[in-house]
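Taken together, the values in this text are just the output of simple stated rules run on the coordinates, not laboratory data. Because the structure is a prediction, the values reported are computed rather than measured. Glycine gets a Cβ as well: all are built from the backbone with ideal geometry, and neighbour counts include every protein chain shown.
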Amino acid sequence: GRTLGVFTSGGDSQGMNATVRAIVRMGLYLGCKVYLIHEGYQGMIDGEKNFQLGSWASVSGIVGLGGTIIGSARCPEFRERSGRLKAARNLAKAGINNLVCIGGDGTLTGADLFKKEWNSLLDELLEKNEITKDEYEKNKYLNIVGIVGSIDNDFCGTDMTIGTSSALHRIIEAIDAIVTTAFSHQRCFVMEVMGRHCGYLALAAGLASEADWIFIPEHPPEPDWENILCKRLQYHRLAGHRLNIVIVAEGAIDNQGNPITSEYVKKVISSRLKIDTRITILGHVQRGGATSAYDRVLGARLGSEAVLALMMSHNESPPFVIGINGNQPCYIPLVEAVERTKAVAKAMAAFEFKKAIELRGASFER
Ligand code: ADP
């Protein structure tokens, strides 16, 4: 059987462990050797001590744990060829030439580059006698597949990224808790949620929590939003509501592109309406804690599919991302998906919101 390595990299998200578990077990089931590579690309560069041979039991009891038990890292060294050379040496020494990369677009960009360079890296290592002719021959081809772990749901080509559902549950739990205390004191709460340039978490949380108002980056409010917002909140109060919930995505902007901060929203509401207004910034609790059932199942499905994809890979295979489309696992060309995801960020920055949303929603030839 083949030798696989799995690692998690970039920002962590719930469901990464469920994914790792599925990869290890599907790999073992198919007769592969599976290495858990600890600490992402940094672990690859630092070498052997970070390579743990996975067993059936080594991934037991983790399916619901948030974070990633094999650690994640941001690794500037991997951006340099010299760093990638070290990583290639360590992988070749361990005989790992099939990789499942779990991370965001940065991680996948790095993986693509690594695959493109692989042959020249091995050539250099052989020349310098860092690897033997035998190690060179056995690891001549590098196969990679990617899986997107991110709470932001900001990746093109997949309906859901792993972690989004859990983060959403966490947000809703927090809002439900806030609602009870807001009710008692007739307060307004401005809740700030994550998502970077993507408003998905704020939008879905708004729908799921009966929020009065949401601010998302894809839809800057009208120039006179302050008036409209205050009227809306006031109207709700007149209708008998004892509280207000306003959700602000961390990337929210006004129609000039300036950030709309929760601090500013609070100031507008409290100064104009004289309502007792508080801010709750959820921060990293959104990235932690228990994994939702959906993310556990998603991790299991995409993780096992990734191993199957590697089993079918050969030297000519382009790198794939395993995503979910219409509730079916799908293979998306990695380079295109990463490029389109970057194009979305660019369109957002250029105020081309319609284009950004179209790009995000469009599907790929598979
Ligand atoms: P994410 O994967 O969540 O987007 P980052 O952007 O921090 O997170 O990327 C994670 C890691 O991937 C980086 O620390 C770096 O080691 C590697 N990486 C990111 N971009 C590149 C790149 N262009 N070339 C090589 N490696 C990269």
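Structure remark: mean-square fluctuation, Gaussian network model of the chain, C-alpha springs under 10 Å; the largest value among 304, 271, 292 belongs to 271. The long axis of helix 200-209 is offset from the longest Cα principal axis of the chain by roughly 50 degrees. Loop-resident GluC sites (Glu not before Pro) (DSSP state other than H, G, I, E or B) in segment 62-141 with no more than 12 further Cβ atoms inside 10 Å of their Cβ: 80.
Among 205, 239, 88, the largest mean-square fluctuation in a Gaussian network model of the chain (Cα springs under 10 Å) belongs to 239.
In this structure, the amide hydrogen of residue 330, modeled 1.01 Å from its nitrogen in the peptide plane, lies closer than 5 angstrom to those of 323, 324, 325, counting only residues at least 5 positions away or on a different chain. Taking other C-beta atoms within 10 Å as the exposure proxy, 93, 346 rank 346, 93 from fewest upward. Residue exposure proxy: 68, 181, ordered by other Cβ atoms within 10 angstrom of their Cβ from fewest to most, comes out as 181, 68.
Rounded to the nearest 500, the 222 nm mean residue ellipticity of the chain from helices alone is -14500 deg cm²/dmol, with -39,500 (n - 2.57) taken per DSSP H run of at least 4 residues.
Model label points for residue 49 and residue 239, set 7 angstrom from Cα along the Cα-to-Cβ axis, are 6.1 nm apart. How far is helix 293-312 tilted, in degrees, relative to the longest principal axis of the Cα atoms in the chain, given as a value from 0 to 90 rounded to the nearest 10? Its long axis makes an angle of about 30 degrees. For the chain, the longest principal axis of the Cα atoms and the long axis of helix 164-185 meet at an angle of about 20 degrees. Of 355, 86, 115, the residue with the greatest mean-square motion in the GNM of the chain, using alpha carbon springs below 10 Å, is 355.
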